[in-house]
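To start, the structure itself, in structure tokens.
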């Protein structure tokens with residue numbers, strides 16, 4: 001980028017240990033009374049310019065070693081600490097093969113909710129109690145794998161309590177409340193006399209006022225602890241942790257495509273209600289891609305994710321995954337084509353061989369081999 005070392009700042013707010021980089025920028029922005037882009041430049045993230053908004057959004061998720069060195073020059077924060085403010089901290093386990101190039105302007109590609117990156121970049125889910133206590137958000141709130149807050153034992157939420165829009169930090173600092181644009185009214189049109197035009201305003205609602213739903217289901221807590229252990233795996237265990245997350249993701253897709261309410265018999269009522277609504281819509285579209293059914297209004301739904309991971313966690317930690325998976329899959333017959341479609345779209349070919357064997361039995365040898373040929377992988 002050709003950016004030299006910045007000048008040392010006289011005063012800087014230090015980040016919390018698990019804080020997201022953009023949250024740290026926003027709190028320094030409020031303290032300094034500057035814009036986001038000027039604060040980012042002062043912190044050593046980038047040079048101010050017309051494209052700083054998109055640059056900052058990208059750097060929130062991935063910064064280079066050179067940027068980390070500039071942050072140290074400006075703030076004294078060690079590079080290892082600043083890298084942990086971004087999704088690079090999850091590189092050993094949660095990031096797939098499509099990691100960014102050394103070019104720090106390239107974002108981590110969001111391939112979808114549960115895609116190879118295990119990241120949903122544009123939105124976050126948050127803990128209302130955390131927001132109310134210190135107004136900052138954690139880097140793991142950018143991961144769909146985080147659906148509860150272990151500190152406050154509650155489910156995360158992904159929408160504003162007032163306007164119900166998805167929470168998106170890219171729209172602006174969340175320190176001033178929800179940044180979604182909402183319809184504010186109408187006014188006389190300047191360009192078309194005699195007509196009116198609508199206008200919008202920032203919602204501005206306090207996200208800390210959202211209702212925090214308590215986690216009372218011990219199986220959900222155990223599933224979250226299992227995921228967190230994989231995400232925080234040391235570098236030398238990264239390959240094994242990544243494979244375990246891949247296996248879990250594959251079973252989450254199966255659970256969301258074929259799971260029923262009876263598989264959540266002892267789950268928290270809020271999780272059962274959310275999954276019930278989802279399953280009703282899903283079952284009306286027999287061959288729909290499960291994440292397409294998910295919808296675009298709520299791209300990150302922690303309650304639905306909790307349901308899928310709860311079922312999948314039971315599968316992957318069982319001594320006999322086949323016995324656990326069998327009741328989830330529909331019975332043999334005309335629905336076999338649906339199972340073939342679901343396995344085709346879940347990227348299951350990256351899963352461990354034992355799950356490939358389950359897929360083979362579930363969808364039939366012919367369909368299994370057809371999918372394997374499609375992805376250029378020999379059938380197991």
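The values are calculated or read from the model by the stated rules, or taken from the named source; none is laboratory data. Quick caveat, the model's predicted, so the values are computed rather than measured. Ideal geometry is used to build each Cβ from the backbone, glycine not excepted, and the neighbour counts take in all protein chains shown.
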For this session: Using the structure shown, decide if residue 323 is at pLDDT 70 or above, part of a helix (DSSP H, G or I) and either under 27 Å from the mean Cα position of the chain (by Cα) or farther than 28 Å from residue 219 by Cβ (or both).
Result: no
Exercise. Can you name the residue in segment 195-218 that is touching a residue at least 24 places away in the same chain (Cβ under 8 Å) and part of a strand (DSSP E or B) and is also surrounded by the fewest Cβ atoms within 10 Å (Cβ to Cβ) among such residues?
Worked result: 214
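Just need a number here: residues in segment 279-320 that are modelled with pLDDT under 70, within 19 Å of residue 159 (Cβ to Cβ) and part of a helix (DSSP H, G or I). Walk me through how you get there before you give the answer.
At the first step, the residues of segment 279-320 found to be modelled with pLDDT under 70 are 286-300.
This time we only want the ones that are within 19 Å of residue 159 (Cβ to Cβ), so: 291, 293-300.
Next, from what is left, pick out any that are part of a helix (DSSP H, G or I): 291, 293-294.
Counting residues in segment 279-320 that are modelled with pLDDT under 70, within 19 Å of residue 159 (Cβ to Cβ) and part of a helix (DSSP H, G or I) gives 3.
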Problem set entry | Failed condition for residue 267, given (1) modelled with pLDDT of 80 or more; (2) farther than 28 Å from residue 165 by Cα; (3) part of a loop (DSSP other than H, G, I, E, B) | (2)
For this session: List the number of the failed condition for residue 331; all other conditions in (1) surrounded by fewer than 20 Cβ atoms within 10 Å (Cβ to Cβ); (2) more than 20 Å from residue 249 (Cα to Cα); (3) at pLDDT 90 or above hold.
Result: (3)
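Residues are listed down the side, and each one gets a yes or a no for (1) under 13 Å from residue 137 (Cβ atoms); (2) within 19 Å of the chain's Cα centre (by Cα); (3) at pLDDT 90 or above; (4) not in a strand (DSSP E or B):
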| position | (1), (2), (3), (4) |
| --- | --- |
| 161 | no, no, yes, yes |
| 175 | yes, no, no, yes |
| 184 | no, no, no, no |
| 190 | no, no, no, yes |
| 193 | no, no, no, yes |
For this session: Give the residue, chosen from 53, 76, that is at pLDDT 85 or above and over 15 Å from residue 19 (Cα atoms).
Result: 76
Exercise. If you go through segment 250-262 one residue at a time, do you hit one that is within 22 Å of the chain's Cα centre (by Cα), in a loop (DSSP other than H, G, I, E, B) and outside the structural domain of residue 336 (by TED's automatic domain parsing)?
Worked result: yes
